[in-house]
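**Q** Here it is: the structure, laid out below.
No lab work stands behind these numbers, since they all come straight from the coordinates. Not measured: the values here are computed from a predicted model. Cβ coordinates were reconstructed from backbone atoms using ideal geometry, including for glycine residues, and neighbour counts include every protein chain displayed.
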Amino acid sequence: MRLAILAASFFTTPVLAGPDWDATSEQLAVLEFLGGQGCTLGDDSFAAAMANELDLEILKLTSLSAQATGQAAAQGNYLVFDASICTIELPDIQTTLAVGSPEIRAIAPYIRDEYEYAGETTVNEGCFLTDAVDVFTVRASGDLDRGTADYLDFLAAGIISGELRFFSPNPLATPLGFQSFAGDCANAPNMPTVTPSHDFIASHFGRYVRAIGEMSECGEPVSASALSIAAEFQGQSGDIFGDPDPTFNAWLFFEYELITMAAGWHEGLSGSERGSPRPPLCHYPN
């Protein structure tokens, strides 16, 4: 029932009420910048703000004003700004290799795979990545941590652009792998069914993060409702294990998660450790 209670606030289009103080244009610019940082101020986003030459005093004043009006709340070592004044946007993820680069095309062979499930034949056909993490580790001179970080950046950037997808309408049928839609791989037979769900990457990313942050306590696993939340965004209600629209991506939640990992919103993430979510993907109990 918890998911239903949250539906009204997270599954409808949010409206920015605006700051409850007389915010200057410079302060509004700070809030806009923080949208790409998960509307969260911490060490990483502070460093990013300074790198982008935001004024330190304006950043401080914006933070203090938001806290004073109850439009920002401390979560551990982080300050999370309310949805009424800050819209979470897709982070700016840069990659060292494009999906359509020759190095990636070489490890994305065209595959046609058939398998039986529940009496039905499922066909995977297209260009699927193989051993991509190894390519990035080699490029990082064998540094597994750096290679993994670059690999995550590559996946997230590809998902955001739509050139890379992890797609299946069935939550019980794990996709064959990450499918490339770049270059000569773009005309795969399933492209018409995969393309529609890409719109939800940008349009609902912020709402997904807010919902997960509300439902997940820091130090604990991400809410088990992640799949259901992403399904609701796509208009899939009821039995998601039934016979959904073929354009429905049951693995949208996983694509969202990869973007948050590349954004740095998981502490302790490395080549050997999955790490754990930090605000805005979780909250500390009061």
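**Q** Label-point separation (nm) for Ala202 and Val138, each offset 7 Å from Cα along Cα-to-Cβ?
**A** Each label point lies 7 Å from its Cα, and together they span 3.4 nm.
**Q** For the pair Leu172 and Asp22, how long in nm is the line joining their label points, each one 7 Å along Cα→Cβ?
**A** Label-label distance for Leu172 and Asp22, simple model: 6.2 nm.
**Q** Another one. Sequence-distant or interchain residues sharing an amide H contact under 5 Å with Glu267, placed H: which?
**A** When sequence neighbours closer than 5 places are left aside, the close amide H contacts are Ser276, Arg278.
**Q** Moving on. Give me the percent relative contact order of the chain, please, defined on Cα pairs under 8 angstrom at least 6 residues apart. Intermediate values should be presented prior to the final figure.
**A** Details: 440 pairs, mean separation 55.6, N = 286.
Relative contact order here is 19 percent.
**Q** Once fully extended, how much extra length lies between Thr193 and Thr130, figured as 0.36 nm per residue of separation less the alpha-carbon to alpha-carbon distance? Don't skip to the answer; put the middle values down first.
**A** Details: separation 63, 0.36 × 63 = 22.68 nm, distance 2.26 nm.
Roughly 20.4 nm would be gained on extension.
**Q** I've got another one for you. How would Val99, Val194, Val138 line up from fewest to most surrounding beta-carbon atoms within 10 angstrom?
**A** Working: Val99 25, Val194 21, Val138 12.
By the 10 Å Cβ count, ascending, the order reads Val138, Val194, Val99.
**Q** Next question, about the same structure. With springs only between Cα atoms under 10 Å apart, run a GNM on the chain and tell me which of Asn52, Asn249, Asn170 wobbles the most.
**A** Result: Asn52 has the largest fluctuation of those listed.
**Q** Normalise the Cα radius of gyration of the chain by 2.2 N^0.38 Å (N = residues in it) and let me know the number. Before the final figure, lay out the partial values.
**A** Values: Rg = 19.9 Å, N = 286, 2.2 N^0.38 = 18.9 Å.
That works out to 1.06 for the chain.
**Q** Based on Cα positions only, what radius of gyration and what Dmax would you give for segment 53-177, in angstroms?
**A** Radius of gyration, then largest Cα-Cα span, for segment 53-177: 21.1, 64 Å.
**Q** Still on this structure: Find which of Trp21, Leu79, Leu34 sits farthest along the positive direction of the dipole of segment 17-81, computed with +1 on the beta-carbon of Lys and Arg, -1 on that of Asp and Glu, about the Cα centre.
**A** Farthest towards the positive pole: Leu79.
**Q** Still on this structure, I have one more. Placing unit charges on C-beta atoms (Lys and Arg positive, Asp and Glu negative, everything else neutral), compute the dipole magnitude of segment 17-81 about its Cα centre in debye, rounded to 20.
**A** Working: 1 positive and 9 negative charges, 40 e Å.
Value, rounded to 20: 200 debye.
**Q** Also, I was wondering about something else. I need the semi-axes of the equivalent ellipsoid of segment 145-286: take the C-alpha gyration tensor, multiply each eigenvalue by 5, square-root it, list largest first in whole angstrom.
**A** Working: eigenvalues 125, 81, 28 Å².
In descending order the semi-axes read 25, 20, 12 Å.
**Q** So what does the Cα-only Debye profile of segment 17-81 read at q = 0.19, 0.20, 0.22, 0.25 Å⁻¹, as log10 I(q)/I(0), no solvent term?
**A** These q points yield log10 I(q)/I(0) values of -0.64, -0.72, -0.88, -1.16.
**Q** At a threshold of 8 angstrom on Cα-Cα distance, excluding pairs fewer than six apart, so keeping six or more, what relative contact order does segment 111-163 reach in percent? Please list the in-between numbers first.
**A** Working: 38 pairs, mean separation 11.1, N = 53.
Normalised by residue count, the contact order of segment 111-163 is 21 percent.
**Q** Follow-up question, since we're still on this one. Which value, in nm² and rounded to one decimal, describes the direction-averaged projected area of the C-alpha convex hull of segment 212-286? Walk me through the numbers on the way to the answer.
**A** Details: hull surface 23.8 nm².
So the Cα hull casts an average projection of 5.9 nm².
**Q** How much of the DSSP beta bridge set in the chain is antiparallel, as a percent to the nearest 5?
**A** Working: 20 of 21 bridges.
Here the antiparallel bridges make up roughly 95 percent for the chain.
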